[in-house]
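Right, one structure below, let's go through it.
The values are calculated or read from the model by the stated rules, or taken from the named source; none is laboratory data. This is a predicted model, so every value here is computed, not measured. Glycine also receives a Cβ, built like all others from the backbone with ideal geometry; neighbour counts cover every protein chain displayed.
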Amino acid sequence: MTHVGYLVAGWGIVVGVLSVYAVRLARRGRALSSLVPNPHRRWLEDRGVDGA
Amino acid sequence: MATTTDAGLGERDTTGSPRSRLLGIATLTAVAILGVLAFVLTEADVRIHPETGEEFGQFDAVRMLYVHVPLVVVTYLAYGICAVASVGVLVKRTPWWDVTAHTAAEIGTIFCGLVLVTGSIWGRPVWNTWWEWGDVRLMTTLVLFLMFTGYLALRRITDDPRRQARRAAVVALVAVLDIPLVNRSVEWWENRTLHQRSTLGELKIEDLTLFTLFFGFVTAGLVLAWLFLHRFRVGWLERAAIDHGVATAIVERQSETSGAEVRRSVGEEPEEGFVP
């Protein structure tokens, strides 16, 4: 295979940046969720949580 | 060991839901399949010159395009959503549209940055340069990236959410005008770009290469959908946290005030530290 360094750098940066961003989003969401009452989180209805 | 109640609360304290979890699994599976297609099943771009018999082409650098080109498409898509939502901000003036626009702009800017980086890394072995300042497509893409970076910066410099939303919407609607320039630049300024004309529309590429590229579009779309869903929920929670904090402070203030008034009415002094 040719250009291995370029391929590793390119794909690695894409996967790395998107993974870090996804993890940061999940952490931020977790931190904020604990501050906000359930009725503000409509996606909880998916799980049958009534928000009470 | 966590109790059932603890586990239940932990489950609620996320921006995830069963559907978003399924989307996440589908996205990770698609990324893995794309990796196999791009690095194992597809061939390198090696062609033989008909007269000299020498090998030429992109060789294995072509595998970079299975991530670069799909990123371009989802960048357009994210900024398109931002433009539609920005119209919604100006017309409807509701937080839902503003959170949608902000979400799309942030994710689109991350994708746009990755487009510039992966394009530069691909260009080094194929064009023998990391960057070409005279290339119209590179420059219009850079301008697009900088305008949306400005959009995100603008959202941080004012505290009034309504004014912030309106100003940002106007900037977004101006910035998206650059997208047709980026997309059409290789046709309109053919002699001022290193980029080739579209090979996708004319289907000049081989079957498995084409399939891998389309699978890349699907994968990038799934990544966009997952990130969008969770970023939207984070944006929604940020607003809800502020509203909830303000509402709680008002209730506490009202209860403090009413308590002090009751004490005054019966001839008692308010509690120490109370500031009316």
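Quick notes
- Every listed requirement among (1) within 14 Å of chain A (Cβ to nearest Cβ); (2) at pLDDT below 90; (3) in contact with a Pro (Cβ under 9 Å, 6 or more places away or on another chain) is met by B:ALA260 save one, (1).
- Residues satisfying the stated conditions in the range B:148-190, i.e. under 16 Å from B:VAL87 (Cβ atoms) and among the β-branched types (Val, Ile, Thr): B:VAL170, B:VAL171, B:VAL174, B:VAL176, B:ILE179
- The range B:191-214, residues that are in a loop (DSSP other than H, G, I, E, B) and modelled with pLDDT of 75 or more: B:LEU194, B:HIS195
- Picking from residues in the range B:223-253 that are free of Cβ contacts under 8 Å to residues at least 12 places away in the same chain and of a type in the set (D, E, K, R), the one that is nearest to the other protein chains (Cβ to nearest Cβ) is B:GLU238.
- Restricting the range B:141-186 to residues that are of a type in the set (Ser, Thr, Tyr) and buried (at least 20 other Cβ atoms within 10 Å of the Cβ), the residue that is farthest from B:THR109 (Cα to Cα) is B:SER185.
- Subset of the range B:132-170 (residues that are under 18 Å from the mean Cα position of the chain (by Cα) and part of a loop (DSSP other than H, G, I, E, B)): B:ARG155, B:ARG156
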